[in-house]
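The values are calculated or read from the model by the stated rules, or taken from the named source; none is laboratory data. Note that this is a predicted model, so its numbers are computed, not measured. Neighbour counts are summed over all protein chains in view; Cβ atoms, including those assigned to glycine, are modelled from backbone coordinates with ideal geometry. Side chains included, ligands, DNA and RNA excluded: accessible areas come from the protein's heavy atoms. Shrake-Rupley method; radii C 1.70, N 1.55, O 1.52, S 1.80 Å.
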Amino acid sequence: MEKKEIEELRSKVGCAALLQQDGWKIDLKESTRRAMKFRRDANIIIVIHNDRGWFDPLSTAKGDVFDLAEHLGAQGFPEACAWVASLVGFVPTPLAWQREVRSSPLSSIADRWARRSLPRSGSATWRYLTETRGLPDTIVAVAVGQGMVREGPHGSMWAAHRSENGIVVGWEERGPQWRGYATGGAKELFRLGPSAAARVCITEAAIDAMSLAAIQVMRPDTLYVSTGGGWSPASEDAIRRLAARPNTHLVAATDNNRQGDVYAERVQAIAVQTSATYARARPRAGDWNEDLNLLLARLAEPLAAAG
């Protein structure tokens, strides 16, 4: 096959089409418009770069649609090309969370963040965090006070990722009907708590970082951080810098699943390399927000019985 034909195939067939045709299902709860998570049994593939790239978060495998075909079982590049060619014209199932492409240029990260309001008691974002997600008002107030949370559109929350010197580089977007990340933003770390704390709990989402802080009653010796649902080089570098400080104790508080275990192993490797101490904190349910709401339900049982 000529190089021109290969490039034409690459432009016509996305990774999502290949995965859906092979029986993989998209996890809408864990997907964003920039990173679509597909599952089959215990296996995971994340589709990125506008459907033109992918990676396996449980291994080092990644690449384009042809690499994906080989990863899924094609025996060599010719067979991968034949599989991809067979999907020309195949249309993947539409994704409910996809937005239309913006027609106007975006403002800078700093300007977009600065224009958003602070959540306040009774606002749509405050209600989403405290009622839908079950976070205590005290935790939300701390996050707002530290400049980590803003009001997003339609009652959603923006949770800032800041660089080591405090600059907002992006934000996690979570809401009743939306999950995403700042367009054009970079992932580093969401940080809640004392920046100089020796104990650092590493979660996969800002909601989980706040939920764990609530469960632990906001320990004063702990910095609660989130990698934003992935493991970017900038996030790893930021964790490594935190771990290199004297007397640092890293806690891998990632999700209770295979991906969470893989991330925990990476945290443990950083601890070994930097001489930090290490522990694994595993939620009983899937993640810390689920644990928080199960805890709140148990605490409410005696009150319901007494009533």
What residue, among those in segment 254-263 that are farther than 18 Å from Pro233 by Cβ and out of contact with any Gly (no Cβ under 7 Å at 6 or more places or on another chain), is surrounded by the fewest Cβ atoms within 10 Å (Cβ to Cβ)?
Arg258
If a residue must be part of a strand (DSSP E or B), open to solvent by less than 40 Å² (accessible area, probe 1.4 Å), in contact (Cβ under 8 Å) with a residue 40 or more places away in the chain and β-branched (Val, Ile, Thr), how many such residues does segment 26-55 contain?
2
Say we look at segment 144-155 and pick out the residues that are surrounded by 20 or more Cβ atoms within 10 Å (Cβ to Cβ) and not in a strand (DSSP E or B); which of these is modelled with the lowest pLDDT?
Gly152
Considering residues that are touching a residue at least 60 places away in the same chain (Cβ under 8 Å) and of a type in the set (D, E, K, R), the number found within segment 56-77 is 0
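Residues of segment 122-143 being part of a helix (DSSP H, G or I) and either of a type in the set (Lys, Arg) or open to solvent by 40 Å² or more (accessible area, probe 1.4 Å) (or both), which ones?
Ala124, Arg127, Glu131, Thr132, Asp137, Thr138, Ala141, Val142
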When every residue in segment 264-275 that is open to solvent by less than 70 Å² (accessible area, probe 1.4 Å) and without any contact (Cβ under 8 Å) to a residue 24 or more places away in the chain is compared, the one farthest from the chain's Cα centre (by Cα) is Ala269
In segment 216-253, anything part of a strand (DSSP E or B) and either open to solvent by less than 10 Å² (accessible area, probe 1.4 Å) or within 17 Å of Asp291 (Cα to Cα) (or both) is listed as Thr222, Leu223, Tyr224, Val225, Ser226, Leu250, Val251, Ala252
Working only within segment 198-215, note down all residues that are part of a helix (DSSP H, G or I) and hydrophobic (A, V, I, L, M, F, W, C).
Ala206, Ile207, Ala209, Met210, Leu212, Ala213, Ala214, Ile215
Please determine, by comparing only the residues of segment 194-213 that are out of contact with any Asp or Glu (no Cβ under 9 Å at 6 or more places or on another chain) and crowded, with 23+ Cβ neighbours inside 10 Å, which one is nearest to Asn247 (Cα to Cα).
Val200
One residue from Arg174, Arg191 being at pLDDT below 95 and either surrounded by fewer than 24 Cβ atoms within 10 Å (Cβ to Cβ) or in a strand (DSSP E or B) (or both)
Arg174
Test result for Tyr278, open to solvent by 60 Å² or more (accessible area, probe 1.4 Å), of a type in the set (Phe, Trp, Tyr) and either out of contact with any Cys (no Cβ under 8 Å at 6 or more places or on another chain) or within 23 Å of Ser211 (Cβ to Cβ) (or both):
yes
Quick check: is even one residue across segment 258-281 in a loop (DSSP other than H, G, I, E, B) and touching an Asp or Glu at 6+ places or on another chain (Cβ under 9 Å)?
no
State all residues of segment 56-88 that are part of a helix (DSSP H, G or I), under 14 Å from Ile6 (Cα atoms) and open to solvent by less than 30 Å² (accessible area, probe 1.4 Å); if no residue qualifies, say none.
Val65, Phe66, Ala69, Ala80, Cys81, Val84
